[in-house]
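Reviewing the structure listed below.
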Amino acid sequence: METAEDNRESIAAELELLISSNKPTASRESSIFRIPNILSKHNKKAYLPNAFSFGPWHHDECNLQSTQALKINYLKGLLNRFPDPSAKLLELVCAVRNIKDQARQCYAGKISFSDDELVKILVLDGCFITELFLKYYNATSRDEDDPIFTVPCMLQSLYHDLFLLENQIPWFVLQHIFDLTNERTKEPNLELHQLAIHFFSKIFSNDGLPGANELSPSATILHVIDLLRQCLLANSSQSGWKESSSREKMEEPTEAKTQIPSASILNKAGIKFKRGSTKENKKAFERGKSRCILDIKFDYGVVELPFLSIHDATETIFRNLIAFEQCCCGLPTIFTSYAKFMNNLISSVDDFHILCSNGIISNSLLSPEDATGFFNRICNDARVTHFHYDGIYEEVNSYYRRRLMILRTLKCCDLFFRSLSGLSS
């Protein structure tokens, strides 16, 4: 019969075994994360792949196996551009194997595959992604019967699946593969990030993402989501955001110091809404520089917001950008701030209609009720380390209070003169 002392020793031994066998699943180098349940519970489909798995975490899922043949065909086509396909494949495998440990560290969670299996996944998926970007850029490099470009839903699935935080491949893996294969492409002078930017060029509006030249040459890209995030920040007129776009010292969460009334209430007080000009100024126009969706301004009673197009992948893109900010240590919560601003501005269908009628939002996909719900749900349970629109909130509220005072004064004057008119009659 065991004594209480024996039980204590047994429990302590079991805990020591757990401690010794436990390995950290995340580090400072982690950039690819499992979506926390507090975020995923609001819309699980926005975080899960529809057709394509990239990287190790969704690789074995049964519903994603049918597209493996497409990846293999792309790999075969890539290798056949070289005089000795087998030698090139071996070179790719060796290159990725040399960086496999670094790649593992990018995933903040357990990878159940062996090193050899992980290398196989990264080579196949990485070659597919780089080939996809090349074929999208240059239509002459596509096969006539390529289902990626002939079946309408395929590209839409790829826009969704390539932008999932759990479905990322480290950028340096893609870059290694691209560097080893690019000399045999029809676009040898283009960089990988330029091809990727072109692929995602219309995710927010038809004006496109900023040109690749807006990115700092010293920028360290973590993966596809981080590339597009950095493109938007590089194209923003808010210079302070560019300086804080890299990882920072963790701050205590600070929500907006105040709130602003919704669009319909502001509109009744005389505040106007305007679509932000596509080009920042003449010099920017000559460079072909597009406005960033983050560049919200307020001036002389006018709230100016850049154009936003709502389409099939919009919620996926926003949710995964926000999740990346929420999970990545020290990353400024700029997109979370934008989502909270829009949530604050749009609280009813009337608010949504005001922005649509002023050309700020284009919506051909959702009903007004669903679109309003989209903005109201998009940042549920997301926190901000620093709310980046506090200054605009203060300006809007100050102007709004002055407008209310003027309107009340005018109303009092109107009532006074009406009463005088009644007495005189």
Those residues of the stretch 86-126 which are surrounded by 20 or more Cβ atoms within 10 Å (Cβ to Cβ) and more than 19 Å from Ile32 (Cα to Cα), in sequence order: Leu92
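Name every residue in the stretch 136-159 that is touching a residue at least 24 places away in the same chain (Cβ under 8 Å) and touching a Phe, Trp or Tyr at 6+ places or on another chain (Cβ under 8 Å), in order of residue number.
First, the residues of the stretch 136-159 that are touching a residue at least 24 places away in the same chain (Cβ under 8 Å): 136-138, 140-141, 143, 147-148, 154, 156-159.
The answer is Tyr136, Tyr137, Ser157, Leu158, Tyr159.
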Please tell me if Lys110 is touching a residue at least 60 places away in the same chain (Cβ under 8 Å) and among the basic types (Lys, Arg). yes
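Has the stretch 34-54 got at least one residue that is over 17 Å from Asn167 (Cα atoms) and surrounded by 13 or more Cβ atoms within 10 Å (Cβ to Cβ)?
The answer is yes, given that some residue of the stretch 34-54 is over 17 Å from Asn167 (Cα atoms) and surrounded by 13 or more Cβ atoms within 10 Å (Cβ to Cβ).
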For the stretch 48-93, give me each residue that is touching a Pro at 6+ places or on another chain (Cβ under 9 Å), not in a helix (DSSP H, G or I) and not charged (D, E, K, R). Gly55, His58
Looking only at the stretch 366-395, count every residue that is of a type in the set (A, V, I, L, M, F, W, C), farther than 19 Å from Ile334 by Cβ and over 21 Å from the mean Cα position of the chain (by Cα) and tell me the total. 0
Which is of a type outside the set (Lys, Arg), in the same structural domain as Asp145 (by TED's automatic domain parsing) and without any contact (Cβ under 8 Å) to a residue 12 or more places away in the chain, of Leu90, Leu48? Leu90
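Scan the helices (runs of 4 or more DSSP H) fully inside the stretch 179-279 and keep the ones with 3 or more residues being in the same structural domain as Asp350 (by TED's automatic domain parsing), touching a strand residue (DSSP E or B) at 6+ places or on another chain (Cβ under 8 Å) and modelled with pLDDT of 80 or more.
Values: elements: 192-199, 224-234, 239-243, 263-268.
Those helices (runs of 4 or more DSSP H) span 263-268.
For the stretch 21-35, check the following and say yes or no: at least one residue is part of a helix (DSSP H, G or I), on the phi < 0 side of the Ramachandran plot and at pLDDT 70 or above.
Here is the first cut: in the stretch 21-35, the ones part of a helix (DSSP H, G or I) are 21.
So of that shortlist, the ones also on the phi < 0 side of the Ramachandran plot come out as 21.
Now narrow it down to the ones that are at pLDDT 70 or above: none.
Within the stretch 21-35, none of the residues are part of a helix (DSSP H, G or I), on the phi < 0 side of the Ramachandran plot and at pLDDT 70 or above.
The values are calculated or read from the model by the stated rules, or taken from the named source; none is laboratory data. Since this is a predicted model, take the numbers as computed values, not measurements. Neighbour counts run over all protein chains shown; Cβ positions are idealised from the backbone, glycine included.
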